[in-house]
Amino acid sequence: MSKPAIFVLSLIIKCQTGQVLERAASLTYRVLLAFFPFLIFLMSLLGFTSFDTSAILAPIYYVLPADVAILVADFLHGLEETRSRGLLSAGLFFSVYNSANGFRAIIRSANAAFDTRDERGIVKQVALSLAMMLLFALVIVVMLTLLVLGRYIWDLFVHDDLEALFMPLSTAGALAVMIFATTLMYKLALAKKIRLRQLLPGAAVTVLAWAVSSGVFGFAITNFTQYPAIYGSIAGVFILILWLNLISVILLVGNEINALLVEYNFLQHRRKPNIHSQHF
């Protein structure tokens, strides 16, 4: 059996013994509770910039399944009206609290993959969850900034014949930023000391799988299911739960990949003969 096949088989066994699907269901619940509070926090953060709601609405239709994108768009429109009445900042504390709880669930899941007991205190765990929340919020702001400025610079200096290259290049840039952010998130979540580059493979698989699976999921929901007809007005919420569960599974599998690679490299290092200790 080839090494890639052995690795895939080992990964499947590790995911089964590590109860990835069960932990993903628990993580989905936490992320669902944090999803809309995080949007509130993000909108409050964008309030300090020149972005308006339309700057977010355009990309989400490319990132999220159609029904989820419509649900998020309606929610953001409602937030825009709430912010204009000065009520958004009043609920900011609860938004930060609920969002941080979602990222604390990611911390617990990440350490479970490495069989590591997180002995960091509750204060440090809360601080890390807040740091992770700020990281992803800032990543979104940076991606929006790059999108807006990139579009302006592209139109200013690039010839119209190369217009078709803008979307692939901007997508590649967004994926690179997300891979770096996910790698850093894995690093912050782990109580065990692991080098950043050792977490890069799982983060890359996670982000690429997110991109592909979200597109496939949205296509399947639109063309092969009857959720909107069955669930009516709450179809978007039901599809959001399914999508978050898919994202949670991929996030945990990416961390399991990193844990398996670290374990494999450790075993390979131990098996190498120490030539300095050999007597000739």
request  = For A110, work out the one condition from (1) over 25 Å from I234 (Cβ atoms); (2) small (G, A, S); (3) at pLDDT below 65 it doesn't fulfil.
outcome  = (3)
ask   = What pairs can you find where one residue is in the stretch 243-261 and of a type in the set (F, W, Y), the other is open to solvent by 30 Å² or more (accessible area, probe 1.4 Å) and assigned to a helix (DSSP H, G or I), and their Cβ atoms are less than 8 Å apart, with a gap of 6+ or different chains?
value = W243/F217
task = May I ask you to verify whether I12 is modelled with pLDDT under 80 and either of a type in the set (K, R) or in a helix (DSSP H, G or I) (or both)?
result = no
ask   = Just wondering, is there one or more residues in the stretch 200-221 that are within 19 Å of I106 (Cβ to Cβ), open to solvent by less than 30 Å² (accessible area, probe 1.4 Å) and not in a helix (DSSP H, G or I)?
value = no
query = Filter the stretch 15-57 for residues that are closer than 23 Å to L244 by Cβ, among the hydroxyl-bearing types (S, T, Y) and modelled with pLDDT of 80 or more; which is least open to solvent (accessible area, probe 1.4 Å)?
reply = T28
note = Of the candidates A131, A189, A176, the one satisfying the condition of being small (G, A, S) and either at pLDDT 90 or above or loosely packed, with under 14 Cβ neighbours inside 10 Å (or both) is A176
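Under the condition of being open to solvent by 30 Å² or more (accessible area, probe 1.4 Å) and at pLDDT 85 or above, which residue from the stretch 250-269 is nearest to L71 (Cα to Cα)?
V253
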query = Of the residues that make up the stretch 71-82, is at least one at pLDDT 70 or above, in a helix (DSSP H, G or I), of a type in the set (F, W, Y) and buried (at least 21 other Cβ atoms within 10 Å of the Cβ)?
reply = no
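The values are calculated or read from the model by the stated rules, or taken from the named source; none is laboratory data. Fair warning: this is a prediction, and the values are worked out from it, not measured in the lab. Every residue, glycine as well, gets a Cβ built from its backbone with ideal geometry; the counts of neighbours run over all protein chains shown. Just the protein is used for accessible areas: all its heavy atoms, side chains included, with ligands, DNA and RNA removed. Shrake-Rupley method; radii C 1.70, N 1.55, O 1.52, S 1.80 Å.
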